[in-house]
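Nothing in this text is a laboratory measurement; each read-out follows from the coordinates by a stated rule. Note that this is a predicted model, so its numbers are computed, not measured. Note: ideal-geometry Cβ built from the backbone for every residue, glycine included; neighbour counts use all protein chains shown.
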Amino acid sequence: MNRPRRACCEKPRLPPMLNDAEASSILLSTREVFRGRVTRLTIDTVRLPNGHTADLEVLHHPGGAATVALDHDGRVCLLHQLRHAVGGRIWELPAGRLEPGEPPLDTARRELIEEAGVHAAQLQSLGVSVSSLGVLTERIYLYLATDLTPVAAAPEAAEVFAVHWIPLVEAVRRCFEGEINDSKTVVGLLRAQHHLETGRLGA
């Protein structure tokens, strides 16, 4: 069977974009099956835009804030932190969970003091990172912190990490080479570098 040839410069046709109503699912019912100290798990029955009905496991999380703290020498703060869930230590930005009613900006300031031992006079938004959009509701608000002043750190007893100050260009290289693979940290570092190069910030 002969098929018509596509011209070399012709772009493939993409499916039409859905409007907001067509792209949204409709929640039919929800049932909580677990409630813990931080998260809760529900089974949500939803109707999808294509008409299919599905039971989805949704892990609800209050969200968090993470900060790229940049000092006058162009270094950023990274924590080499023990994470039991991934079976070892991982490189991360200073970050923490949103407390009830706490604005993300206040969370970022608090965690910088507790974990990095610095206070930031300037905090600028680098947008939001979504952790695991297939199952988890967690959104992490990202910030770029500058004009840093050393203060006494106050890490929690359950936190085991070492604080490192690394040139931003080196941290970004580690992202591309796979040494840093925590998603919020990769997104935060790359957006910070983009802002410093272009002057553009996240929403």
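Set the Förster radius R0 to 35 Å, insert the Cβ-Cβ distance between Leu48 and Val169 as r into 1/(1 + (r/R0)^6), and round the FRET efficiency to 0.05.
With a Förster radius of 35 Å, E is 0.20.
When the helices in the chain are scored as -39500 (n - 2.57) per DSSP H run of 4 or longer and the sum is shared across all residues, what 222 nm value do you end up with, to the nearest 500 deg cm²/dmol?
Values: 4 runs with 37 residues, N = 203.
Counting only the DSSP helices, I get -5000 deg cm²/dmol.
Rounded, prolate or oblate: which fits the stretch 81-137 when a ≥ b ≥ c are the square roots of the eigenvalues of the alpha-carbon gyration tensor, with rounded for a/c under 1.5 and prolate only if a/b beats b/c? Provide the component values of the computation, followed by the final result.
Working: a/c = 1.95, a/b = 1.25, b/c = 1.56.
Oblate.
Select from Val46, Gly178, Leu168 the residue farthest towards the positive end of the dipole of the chain; place +1 on Cβ of Lys and Arg, -1 on Cβ of Asp and Glu, and compute about the Cα centre. My answer, from the dipole projection, is Val46.
All Cα-Cα separations within the stretch 20-60 were binned at 10 Å from zero, giving a P(r) of 31, 43, 22, 4, each value a whole percent of the pairs. Computed on the chain, with alpha-carbon pairs under 8 angstrom and 6+ residues apart, the relative contact order is 20 percent.
Once you charge only the Cβ atoms, +1 for Lys and Arg and -1 for Asp and Glu, what is the size of the charge dipole of the stretch 64-198 about its Cα centre, to the nearest 20 debye?
Working: 11 positive and 18 negative charges, 54 e Å.
Dipole size: approximately 260 debye.
Potential lengthening of the chain between Glu32 and Glu177 amounts to 48.2 nm, from the contour at 0.36 nm per residue minus the alpha-carbon distance.
Once the piece of chain linking Gln124 and Thr39 is laid out straight, how much longer is it, given 0.36 nm per residue of separation minus the C-alpha distance between them?
27.8 nm
Multiply the residue gap between Arg97 and Ser24 by 0.36 nm, knock off their C-alpha separation, and tell me the result in nm, one decimal place.
On the way: separation 73, 0.36 × 73 = 26.28 nm, distance 2.76 nm.
Full extension of this stretch gives 23.5 nm more.
If R0 is 22 Å, the Cβ-Cβ spacing of His194 and Leu136 corresponds to a FRET efficiency of close to 0.30.
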